[in-house]
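**Q** Below you'll find the structure I mean.
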Amino acid sequence: LSGKLFNHYKFINNDIGAYGIRALIDLMDSNPELRSLTLSSNRIDDDDVVEFLRSIVNHPSLTKVNLDCCLEGRSSKYCMLNGLIRVNTVEEISMRNNDLSFVACGHTQSLSDSLASNTVLERLDLRGNSLNDEDAASIATALQTNSTLKYLQLEGNDFTEIGGEYFGAALRTNNTLEHLFLENGVVNATFSALFEDSSLNSAADSNHICNIACRFYNRNEEGDPTGNRQRKIYNVLATRNKTMNNVQHFDDIDINFNLLPEMLAAVQRYANTHVSELQFLYLVNNEVNALSIVYEFMRNWDKSLNQFHRE
């Protein structure tokens, strides 16, 4: 391989050892065309981590790194992940099954700081790393600041519903994460961030970007944030319309002036949507004629607007 330029190196379960890792570092240093590196199930010793990171930091084009099952039992595994994130040139990192619980070694703040300040990373896979709820809190804190991460894979860790609530809180402010993978037992606590139906305002202000996997249904369709927002608004309207009580909620903040046009647009857009489609997304019995919702608005239009002007 020496002297040849490759875009991708893929070494899986080769048992290349310390000598092989050092030879790989030399290959990386001499190959400016390298774009991705997969080294899964090849052991990296603590003594080689600094040089390995140095090669990645200085590489002009390497953007994808896979180190699954490379550092379990190594004290430098935390340094490796933090270093890869802090490089701020790597777009995709996979470090599955490396027993990476940062709480156990007191590194939760360093992980949070690294992820929060990163402006390049788009995909992070940390499946099967014994991460717990404190780790979830650290990652979730970073998500409230990070604006580039789009794909976060966290299945196979030790989160409980408490960890799920941390991620839910993060999704109420994060509008860039597109895919979050969690266990079914954890995701229930996260789901309310995607559709808070206590009011039209809360439905409109829910997260309309993120798709939470490991669920038999979802509340956001990929690539359609406007449609997701309008579907949620329509869902609230349809539910209230069954008892004709939409207008009594018009004293909610911003409803009359800001949301009323969007409410009508949502009804118009989904007037012909099959009941089962909305039911699949939101688990609501939408046996409502869309025109009935419009009629309810129009019948009370003057009354609601007059109340708004008096306030």
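**Q** Which one of A116, A140 is farther than 14 Å from R86 by Cβ and part of a helix (DSSP H, G or I)?
**A** A140
**Q** Check off (1) part of a helix (DSSP H, G or I); (2) open to solvent by 10 Å² or more (accessible area, probe 1.4 Å); (3) modelled with pLDDT of 70 or more for F257 and give me the number that stays unchecked.
**A** Condition (3) is where F257 drops out.
**Q** In addition: Do the conditions hold for R86, that is, is it open to solvent by 10 Å² or more (accessible area, probe 1.4 Å) and under 28 Å from A136 (Cβ atoms)? Please lay out each step first, then the result.
**A** Values: open to solvent by 10 Å² or more (accessible area, probe 1.4 Å): yes; under 28 Å from A136 (Cβ atoms): yes.
Spelling it out, R86 is indeed open to solvent by 10 Å² or more (accessible area, probe 1.4 Å) and under 28 Å from A136 (Cβ atoms).
**Q** Could you list all residues from region 151-189 that are among the aliphatic types (A, V, I, L, M), part of a helix (DSSP H, G or I) and closer than 21 Å to P225 by Cβ? Quick ask: steps written out before the conclusion?
**A** Filtering region 151-189 for residues among the aliphatic types (A, V, I, L, M) gives 152, 154, 162, 169-171, 177, 180, 182, 186-187, 189.
From what's left, part of a helix (DSSP H, G or I): 162, 169-171, 186-187, 189.
Passing the criteria: A169, A170, L171, V187.
**Q** When the residues of region 196-215 are narrowed to those that are among the small types (G, A, S) and closer than 19 Å to Y234 by Cβ, which ends up surrounded by the fewest Cβ atoms within 10 Å (Cβ to Cβ)?
**A** Step one: of region 196-215, the residues among the small types (G, A, S) are 198-199, 202-204, 206, 213.
Filter again for closer than 19 Å to Y234 by Cβ, leaving 198-199, 202-204, 206.
On the way: S198: 10, S199: 15, S202: 15, A203: 24, A204: 21, S206: 21.
Out of the qualifying residues, it is S198.
**Q** Next question. So N66 fits all but one of (1) polar (S, T, N, Q); (2) at pLDDT 95 or above; (3) surrounded by fewer than 18 Cβ atoms within 10 Å (Cβ to Cβ); what number is the exception?
**A** All conditions pass for N66, except number (3).
**Q** With the condition being under 22 Å from S101 (Cα atoms), I'd like the helices (runs of 4 or more DSSP H) fully within region 1-89 carrying at least 3 qualifying residues.
**A** Output list reads 46-57, 77-87.
**Q** For N98, which of the numbered conditions (1) of a type outside the set (G, A, S); (2) surrounded by fewer than 19 Cβ atoms within 10 Å (Cβ to Cβ); (3) closer than 27 Å to E134 by Cα fails to hold?
**A** The number of the failed condition is (2).
**Q** If a residue must be in contact with a helix residue (DSSP H, G or I) (Cβ under 7 Å, 6 or more places away or on another chain) and either aliphatic (A, V, I, L, M) or more than 16 Å from G163 (Cβ to Cβ) (or both), how many such residues does region 111-133 contain?
**A** Of the residues in that region, 6 qualify.
**Q** Residue under question is S192, and the condition is that it be assigned to a helix (DSSP H, G or I) and modelled with pLDDT under 95; does it hold?
**A** On the way: assigned to a helix (DSSP H, G or I): yes; modelled with pLDDT under 95: yes.
So S192 fits the description; yes.
**Q** Here's a follow-up. Looking at region 143-170, which of its residues are open to solvent by 10 Å² or more (accessible area, probe 1.4 Å), of a type in the set (G, A, S) and in contact with a Ser or Thr (Cβ under 7 Å, 6 or more places away or on another chain)?
**A** S147 - this is the single residue of region 143-170 that is open to solvent by 10 Å² or more (accessible area, probe 1.4 Å), of a type in the set (G, A, S) and in contact with a Ser or Thr (Cβ under 7 Å, 6 or more places away or on another chain).
**Q** On the given criteria, is L111 under 17 Å from the mean Cα position of the chain (by Cα), of a type outside the set (S, T, N, Q), in a loop (DSSP other than H, G, I, E, B) and crowded, with 20+ Cβ neighbours inside 10 Å?
**A** In short, no.
Okay, residues lined up against (1) open to solvent by less than 20 Å² (accessible area, probe 1.4 Å); (2) at negative phi:
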| position | (1), (2) |
| --- | --- |
| G20 | yes, yes |
| S30 | no, yes |
| L37 | yes, yes |
| S41 | no, no |
| D47 | no, yes |
| R54 | no, yes |
| S75 | no, yes |
| N82 | yes, yes |
| V90 | yes, yes |
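**Q** Also: How many residues are in contact (Cβ under 8 Å) with a residue 24 or more places away in the chain and in a helix (DSSP H, G or I) when one looks only at region 222-237?
**A** So the answer is 10.
**Q** Going by the conditions given, is A193 open to solvent by less than 20 Å² (accessible area, probe 1.4 Å), under 26 Å from E262 (Cβ atoms) and not acidic (D, E)?
**A** yes
The values are calculated or read from the model by the stated rules, or taken from the named source; none is laboratory data. Remember, it's a predicted structure, so these values are computed and weren't measured experimentally. Virtual Cβ from ideal backbone geometry, glycine too; neighbours counted across all protein chains shown. Each accessible area value is taken on the protein alone, full model and side chains, heavy atoms only, with ligands, DNA and RNA left out. Shrake-Rupley method; radii C 1.70, N 1.55, O 1.52, S 1.80 Å.
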